[in-house]
Every structure is written in structure tokens, then in C-alpha cells.
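Q: Here it is, the structure, as C-alpha cells.
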Amino acid sequence: MVRGSYDDGTVTVSDRGVDLVRYRSVTAAGEPHVDRLALPADAGAPAGRNLVLAGAHDHPWHLGLFFAPNYVDGVDCWGGRPDSDDQVWGRAVDRGHDFGVDGDSDRVTIEQTTEWRTDDTLLLDDERTVTVDTSPDRGYLLVWDQSVEAPEPRTIEGTDLSAGRGSYGGFNVRFRREMADGEVRLPREDDPEDRTGPTGSYCDYTGPLDGRKGPRDSPWRAGATVFLDPETAAGQRWFVAREYPFVGANLAWGDPLELDAGETARWRWGVWVRSGRPDRAAIERVQEQFRSDGRGAGR
């Protein structure tokens with residue numbers, strides 16, 4: 001039976017003795033994040049192995065599984081830290097959080113309100129609901145329902161084209177280094193080029209564990225499929241990197257998102273965590289469960 005526990009701002013979700021998800025709602029990092037996204041109890045020998053990396057030396061602001069806009073009215077809410085230099089940085093500050101186990105005992109739901117702000121300016125009000133659902137026949141499904149509201153007109157950008165940089169910003173998964181050089185699949189495309197902004201309703205990443213190069217269905221291969229909700233997917237494109245394994249659903253690839261004062265934007269993502277390499281039919285079955293649970297979502 002799925003369980004949730006709380007300790008000093010951190011919610012841990014476990015199932016059958018395995019800690020699956022650890023959500024840091026209060027943190028000294030730039031924003032709340034998941035620093036543990038582990039293989040489930042049905043994964044065999046690798047059960048409980050964490051798949052994500054938070055605070056990597058190459059990108060300290062990559063925080064496992066997390067949401068972060070890139071630029072809000074030109075303020076960088078993505079890279080660096082507020083005290084790293086003289087630049088003004090945006091960060092998410094906790095304004096309240098809670099969690100509970102659903103009555104059917106296969107889900108834990110975490111709710112949090114934050115503010116994206118600098119020391120002096122409120123950039124965006126932020127509300128998110130993170131649900132860990134252990135009902136799939138294989139693995140588990142994490143659903144992240146995210147909304148932001150602009151206190152006054154705001155522009156959210158997913159890239160800095162003038163600087164020639166890539167398109168970070170949005171909903172992101174940074175996998176562990178041992179999973180580098182893995183396989184990326186979209187619904188109609190295998191192995192898209194890195195960082196090119198491909199499109200599709202899901203992006204699957206499968207990589208090796210412990211350096212093992214076994215067959216595709218080996219338990220020593222694992223990963224996650226990130227789903228876009230069809231009603232909130234407009235404008236999103238995938239940012240993919242393999243040498244530091246990373247998958248991100250970018251909110252505004254090259255096209256800024258303009259919000260009027262009081263306007264809310266909402267997105268919903270799913271993350272299916274499992275061992276092995278699933279075939280597309282298995283991915284689509286979980287995708288349909290994700291879509292069915294979110295009927296009526298919108299912006």
C-alpha cells in the first residue's frame with residue numbers, strides 16, 4: 001500500500017517498502033523539486049534505484065525532476081543561484097504545502113503554493129499538485145499539474161535566442177550520469193537530434209544502469225516517459241540531451257508566452273517510471289490512463 005511521510009518540508013512517497021518519490025517543498029535550492037524518482041518494487045534487482053540527479057556539478061540548477069520557467073520579463077529563473085553574482089535571479093519561495101493519501105490507497109497527492117520572485121519583485125504566483133499513482137500494472141505514474149498567474153503583464157520565454165543558447169525552461173527531468181547515451185523515442189520518431197525541439201505527445205528516455213549494456217528488455221535498463229496533456233500542450237517542444245541525460249518539455253520554444261494581469265496559464269505532465277524498455281503499446285496504455293484522469297484540464 002502506498003504511503004506518504006513528512007519531515008521538515010520534505011514529502012516521501014513509498015510503496016511496498018520502497019521509497020519512490022521524495023519531494024522537497026522547502027529547500028535552499030532555487031525551487032521545490034523531486035530529488036528521488038526511484039524504480040518501483042516490481043523492478044526486480046534494481047528496485048529502489050534512484051534515476052534522477054539533483055545539483056549536478058555541471059549544472060547545479062538541474063534539480064532532478066522540477067518545474068522552472070526560463071526567463072520571466074527578462075529575469076533568469078533557471079540557471080545559477082540568487083547569491084552567485086550581481087545578476088538578479090528569480091526563485092520559487094514556498095507559501096504553503098500539504099499532502100494526503102487518497103481514499104483508494106494507491107495515490108499520494110502533494111499540494112503547494114509558491115511565489116516566483118526576486119528579492120524585490122513578485123514575478124508569478126505558482127500553484128502545483130503532484131500526484132504519485134501506483135495503480136498502473138507496471139511501475140508508477142507521477143502527475144504534475146502546474147499553474148502560474150501573472151500579478152501584472154508578464155512575458156515568459158523558454159530560450160535566449162539572442163545569446164545563441166538552447167531552449168531550457170519548463171518541466172524537466174535530469175537523469176543520473178550512468179544513464180547517459182540512452183535511447184529517446186517520440187510517438188513518430190526515434191532518436192531525434194539533441195536539443196532540436198522535436199514535437200510529440202510524449203518523450204521516452206531509456207538508459208543503462210550500472211554501466212550494463214544488456215538487451216533492451218533487460219532490468220538493467222530503465223527510464224521514464226514524460227507525457228504532455230493534450231489540452232495544455234500548445235507551444236511545448238522537447239529539449240533533449242544525452243551526454244548529460246536530460247528531457248525537458250519547454251513551455252515557449254522561440255515564441256514567448258504573454259500573460260495579462262490576473263491571467264493564469266496551466267500545464268499538466270505525466271511521468272511513467274519503470275524498469276526495462278517498454279514497447280510503444282505499453283507507453284500508449286499508460287498515456288491513455290494519464291489522459292483519462294485529466295479530462296477537462298485546460299488553460
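The values are calculated or read from the model by the stated rules, or taken from the named source; none is laboratory data. Source: prediction; values computed, not measured. Cβ sites come from the backbone with ideal geometry, for glycine too, and all protein chains shown count toward neighbours. Areas reflect the complete protein model, heavy atoms only, side chains present, ligands, DNA and RNA absent. Shrake-Rupley method; radii C 1.70, N 1.55, O 1.52, S 1.80 Å.
Q: Only one of 162, 135 is among the polar types (S, T, N, Q), at pLDDT below 95, open to solvent by 30 Å² or more (accessible area, probe 1.4 Å) and more than 22 Å from residue 69 (Cβ to Cβ). Can you tell me which? Please lay out each step first, then the result.
A: Numbers: 162 fails: more than 22 Å from residue 69 (Cβ to Cβ).
Within the list 162, 135, the selection yields 135.
Q: Then there's this: If residue 111 passes every condition in (1) loosely packed, with under 14 Cβ neighbours inside 10 Å; (2) in contact with a His (Cβ under 9 Å, 6 or more places away or on another chain) but one, which one does it miss?
A: Checking residue 111 against (1) loosely packed, with under 14 Cβ neighbours inside 10 Å; (2) in contact with a His (Cβ under 9 Å, 6 or more places away or on another chain), the one that fails is (1).
Q: Any idea how many residues of segment 114-128 are surrounded by 15 or more Cβ atoms within 10 Å (Cβ to Cβ) and either on the phi > 0 side of the Ramachandran plot or of a type in the set (Val, Ile, Thr) (or both)?
A: So the count comes out to 2.
Q: Yes or no: segment 218-230 includes at least one residue that is at pLDDT below 90, open to solvent by 20 Å² or more (accessible area, probe 1.4 Å) and out of contact with any Cys (no Cβ under 6 Å at 6 or more places or on another chain).
A: Pass one, segment 218-230, residues at pLDDT below 90: 218-220.
Restricting the remaining residues to those that are open to solvent by 20 Å² or more (accessible area, probe 1.4 Å) gives 219-220.
Filter again for out of contact with any Cys (no Cβ under 6 Å at 6 or more places or on another chain), leaving 219-220.
Yes, some residue in segment 218-230 is at pLDDT below 90, open to solvent by 20 Å² or more (accessible area, probe 1.4 Å) and out of contact with any Cys (no Cβ under 6 Å at 6 or more places or on another chain).
Q: Let me confirm something: among 235, 207, 197, 211, which residue is in a strand (DSSP E or B), free of Cβ contacts under 8 Å to residues at least 60 places away in the same chain, among the small types (Gly, Ala, Ser) and over 19 Å from residue 290 (Cβ atoms)? Before the answer, list the steps.
A: On the way: 235 fails: in a strand (DSSP E or B); 197 fails: in a strand (DSSP E or B); 211 fails: in a strand (DSSP E or B).
Criteria check complete, one pass: 207.
Q: Sticking with this one: Mind checking which residues of segment 44-74 are open to solvent by 10 Å² or more (accessible area, probe 1.4 Å) and of a type in the set (Gly, Ala, Ser)?
A: Passing the criteria: 44, 45, 47, 48, 54, 55, 74.
Q: Still on this structure, please answer the following. Go through segment 75-100 and report how many residues are surrounded by fewer than 16 Cβ atoms within 10 Å (Cβ to Cβ) and modelled with pLDDT under 90.
A: The qualifying residues number 9.
Q: Could I ask something else about it? Checking residue 70 against (1) over 16 Å from the mean Cα position of the chain (by Cα); (2) more than 17 Å from residue 10 (Cβ to Cβ), which single condition isn't satisfied?
A: (1)
Q: Could you list all residues from segment 28-40 that are out of contact with any Asp or Glu (no Cβ under 8 Å at 6 or more places or on another chain) and surrounded by 16 or more Cβ atoms within 10 Å (Cβ to Cβ)?
A: To start, the set of residues in segment 28-40 that are out of contact with any Asp or Glu (no Cβ under 8 Å at 6 or more places or on another chain) comprises 28-31, 33-35, 37, 39.
Passing the criteria: 29, 30, 31, 33, 34, 35, 37, 39.
Q: Something else now. Counting just the residues of segment 165-184 that are assigned to a strand (DSSP E or B) and either in contact with a Gly (Cβ under 9 Å, 6 or more places away or on another chain) or at pLDDT below 85 (or both), which one comes out farthest from residue 131 (Cα to Cα)? Walk me through how you get there before you give the answer.
A: Filtering segment 165-184 for residues assigned to a strand (DSSP E or B) gives 170-175, 183-184.
Next, from what is left, pick out any that are either in contact with a Gly (Cβ under 9 Å, 6 or more places away or on another chain) or at pLDDT below 85 (or both): 170-175, 183.
Numbers: 170: 18, 171: 15, 172: 16, 173: 16, 174: 19, 175: 20, 183: 27 Å.
Looking at residues that are assigned to a strand (DSSP E or B) and either in contact with a Gly (Cβ under 9 Å, 6 or more places away or on another chain) or at pLDDT below 85 (or both), I get 183.
Q: Scan segment 2-13 and report the pairs whose first residue is acidic (Asp, Glu) and whose second residue is not in a strand (DSSP E or B), with Cβ atoms within less than 9 Å and a gap of 6+ or a chain change.
A: As it stands, the answer is 8/26, since those pairs meet every condition given.
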